[in-house]
There are 2 protein chains.
Amino acid sequence: MIVEVNTARFDSITLDNGATVAPVEVAYETYGALNPARSNAILILHAWTGDAHAAGISHETAKPGWWDNMIGPGKAFDTNKYFVICSNVLSGCNGTTGPSSVDPATGCPYAMTFPVTTIGDMVRLQRMLIDSMGIERLLAVAGGSMGGMQALEWAVDYPERVVCCLPIATTWRHSAQQIAFNEVGRQAIMADPDWNGGNYYGKQPPARGLAVARMVGHITFMSDDSMREKFGRRLRGKDAFGFDFEVDFEVESYLRYRGNQFVSRFDANSYLYTTKAMDYFDLAAGRGSLAAAFEKCTARFLVISFSSDWLYPSYQSREIVSALRGMNHDVAYVDLESNYGHDSFLVDVAEQSQLVSGFLASTFEKVR
Amino acid sequence: MIVEVNTARFDSITLDNGATVAPVEVAYETYGALNPARSNAILILHAWTGDAHAAGISHETAKPGWWDNMIGPGKAFDTNKYFVICSNVLSGCNGTTGPSSVDPATGCPYAMTFPVTTIGDMVRLQRMLIDSMGIERLLAVAGGSMGGMQALEWAVDYPERVVCCLPIATTWRHSAQQIAFNEVGRQAIMADPDWNGGNYYGKQPPARGLAVARMVGHITFMSDDSMREKFGRRLRGKDAFGFDFEVDFEVESYLRYRGNQFVSRFDANSYLYTTKAMDYFDLAAGRGSLAAAFEKCTARFLVISFSSDWLYPSYQSREIVSALRGMNHDVAYVDLESNYGHDSFLVDVAEQSQLVSGFLASTFEKVR
């Protein structure tokens, strides 16, 4: 399945903080076909530094999508049955308008003049995309991590347009610890002199700071167990006293490699904006309580967490489930056993696939 | 109790990797009095960025010691009964020889030419200090975190000289995750252009990189719970849409403050050396197994861990206890309930005090 990324363009979008971005573009991919009743559309929401390329092989890069093990013919999000859309996020850097986009008012990249963006703003732009495709109701909104936040926001902001919602390995608001990890990443970027107040486009980007930020991320994505299994204390071809401040342990080599690799594909300012969007995300804010936020929801929910995920611990999913149950919503919850930490929703998908597949089938049965 | 820091000076020390440092100085403080039998000396080993000022009020800075709640008249380490010594560590920057010390061969600071230092090297220098004080046997060696590693190394390297050993909130070797967190801190420092290969003495030090490194540390020292209790999601005097990339959340403000404060008291190169010492620490290495490492120990052990410490999780203490029990050593183990994460051994000391006090008293009873 060779896929291509598409771009939708809109005149403008008004954000939660009142600012307007004009014009605004959003990158997306689609897999499978929309049925005549337009009742089989599923919107996949990506995590933090993800992109619109969720499945298939990219025509441009020849790489598989980030959730290719979940989306495709016969897979959990079965493209023989469903029309699957994956949209990139506002303030990102993979084809959707963000700080690296050119501000038509100045002819230069927005950089830090780009307005602060919320999860609600990301979802608003996705709604414009879905509108433009002539889709009234989404059979499902689904995503892990920051994608789960968007899925929740969809169900709350546009209750009449979501038949079912699958928030995975996510939270309804960031804890102090989650904010703290993001803040360290931001500080690492802003401490790099090449960041230059965000004005580095066309110059040397803050590569070292961004790499350090990404290293912090990678530690939090894995579990103590999965790191031990993958790296242990193995040394990189040195004897016990050959040590120095070059790479000694394999885990160091991995972190440096992933950190440096990330620099080539992600914009540092987008890192700042997307982490802030997550930190500000709070479904209860301005709505009284989490339960009150869910009041008008009509969607069925499948909430999934993972036992070894310490970045988005299971108790955060249980809080979502409690609030939904308190409002008498239809909600299924599973805390899956997995050793892969937060990465589980991306890499340990056997049980998750069965759950998602069954949940979608029973939901689709009802709306057909 | 006004205390002053002392310095002992030795002609030279030969390190595990064969290098010699000459001369070598070590900073230490003492509290209480050595009894005529010289049988009441306790050596306190400090954590990572600690120093020799463990108790009392510093004559120089007017500040209380870092374990003043544990050491003093009538306290757990009762200075009415015991002669308590706290020694700073080799490769540190608080009065003991390290990378910021002047290399007599060049007249300039060692910087990164200082030899890589191990926990064993730190302990060897402490042994020289104890020798110089005419103390044959230590009633106890005790410390938390990196201090616990030194306590273990003492019991293993100098078994005939340690009557009891109290490793607290520590491990016998770093896991891949613990190495990874340290590596992120090192990378943050080395990514700062002011680090300049370690040659920043007399110039601008890598303050931004060091601050970021310290922020990572502070997150790992606290628990998810203690961060929530201390900060929650409280904003710093802004309304919901006043947000920007300045400090928004109180937890951000705290991390920045602590990060910047740290820069004024700690040397970035010492940060690199002490983290490497911890990462290389492996009691089993070169000794066959952990149990084999403990073979010649004569000490009694009191091992303490904390339920919410995810940086040095309780399973690491249990591994120490299992190995000791397997060798038929006298070992008591308590996993204390506490919400303060790794910081518990510093801040939540009520139960710890009782345990330590009773264990020391019964040990002292036997040797008198």
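Summary table
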read-out	value
Complete set of residues in the stretch B:290-323 that are in contact (Cβ under 8 Å) with a residue 60 or more places away in the chain, under 21 Å from B:Val163 (Cβ atoms) and open to solvent by 20 Å² or more (accessible area, probe 1.4 Å)	B:Lys296, B:Thr298, B:Arg300
A:Asp16 being farther than 22 Å from A:Phe345 by Cβ and assigned to a loop (DSSP other than H, G, I, E, B)	yes
Scan of the stretch A:213-243 for residues that are within 8 Å of another protein chain (Cβ to nearest Cβ), within 24 Å of B:Tyr312 (Cα to Cα) and at pLDDT below 90, ordered by number	A:Ala240, A:Phe243
The lone exception for A:Tyr271 - which of (1) open to solvent by less than 50 Å² (accessible area, probe 1.4 Å); (2) in the same structural domain as A:Pro167 (by TED's automatic domain parsing); (3) within 22 Å of the chain's Cα centre (by Cα) it fails	(2)
Failed item in (1) open to solvent by 30 Å² or more (accessible area, probe 1.4 Å); (2) in contact (Cβ under 8 Å) with a residue 60 or more places away in the chain; (3) among the aliphatic types (A, V, I, L, M), with B:Val263 passing the rest	(2)
Per-region count, the stretch B:275-294, residues small (Gly, Ala, Ser) and either within 12 Å of another protein chain (Cβ to nearest Cβ) or touching a strand residue (DSSP E or B) at 6+ places or on another chain (Cβ under 9 Å) (or both)	4
Any chance A:Gly202 is of a type outside the set (A, V, I, L, M, F, W, C), part of a helix (DSSP H, G or I) and either under 16 Å from A:Pro99 (Cβ atoms) or more than 7 Å from every other protein chain (Cβ to nearest Cβ) (or both)	no
Meets criteria (within 20 Å of B:Pro193 (Cβ to Cβ), small (Gly, Ala, Ser) and either open to solvent by 10 Å² or more (accessible area, probe 1.4 Å) or more than 20 Å from the chain's Cα centre (by Cα) (or both)) for A:Gly209	yes
Some residue of the stretch A:81-100 being part of a loop (DSSP other than H, G, I, E, B), open to solvent by 10 Å² or more (accessible area, probe 1.4 Å), touching a residue at least 40 places away in the same chain (Cβ under 8 Å) and closer than 19 Å to A:Leu166 by Cβ	yes
Within the stretch B:1-48, considering residues that are open to solvent by less than 40 Å² (accessible area, probe 1.4 Å) and within 14 Å of chain A (Cβ to nearest Cβ), the one nearest to B:Leu166 (Cα to Cα)	B:Leu15
Residue pairs meeting the criteria (Cβ under 8 Å; at least 6 apart or on separate chains; first modelled with pLDDT of 95 or more, in the stretch B:197-210; second of a type in the set (Asp, Glu) and surrounded by fewer than 20 Cβ atoms within 10 Å (Cβ to Cβ))	B:Tyr200/B:Asp194; B:Lys203/B:Asp194; B:Gln204/B:Asp194; B:Pro205/B:Asp194; B:Pro206/B:Asp194; B:Ala207/B:Asp194; B:Arg208/B:Asp194; B:Gly209/B:Asp194
Selection within the stretch A:101-133 - farther than 17 Å from A:Ala268 by Cβ, within 17 Å of the chain's Cα centre (by Cα) and outside any helix (DSSP H, G or I)	A:Thr118
Which numbered condition A:Pro193 misses (of (1) without any contact (Cβ under 8 Å) to a residue 24 or more places away in the chain; (2) crowded, with 24+ Cβ neighbours inside 10 Å)	(2)
A:Leu210 more than 9 Å from every other protein chain (Cβ to nearest Cβ) and touching a strand residue (DSSP E or B) at 6+ places or on another chain (Cβ under 6 Å)	no
Residue in the stretch A:327-344 that is closer than 24 Å to A:Glu295 by Cβ, part of a helix (DSSP H, G or I) and at pLDDT 95 or above present	no
Residue in the stretch B:347-356 that is buried (at least 19 other Cβ atoms within 10 Å of the Cβ), touching a Ser or Thr at 6+ places or on another chain (Cβ under 6 Å) and farther than 26 Å from B:Thr117 by Cα present	yes
Test result for A:Leu283, among the hydrophobic types (A, V, I, L, M, F, W, C) and modelled with pLDDT of 95 or more	yes
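Table: residues versus (1) assigned to a strand (DSSP E or B); (2) at pLDDT below 95; (3) within 19 Å of the chain's Cα centre (by Cα).
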position: B:Thr30; (1), (2), (3): yes, no, yes
position: B:Ala37; (1), (2), (3): no, no, no
position: B:Ala47; (1), (2), (3): no, no, yes
position: B:Ala54; (1), (2), (3): no, no, yes
position: B:Trp66; (1), (2), (3): no, no, yes
position: B:Asn69; (1), (2), (3): no, no, yes
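The values are calculated or read from the model by the stated rules, or taken from the named source; none is laboratory data. What you see is a predicted model; the values in this text were computed from it and never measured. Glycine also receives a Cβ, built like all others from the backbone with ideal geometry; neighbour counts cover every protein chain displayed. Quick note on the areas: whole protein, heavy atoms, side chains included, nothing else; ligands and nucleic acids left out. Shrake-Rupley method; radii C 1.70, N 1.55, O 1.52, S 1.80 Å.
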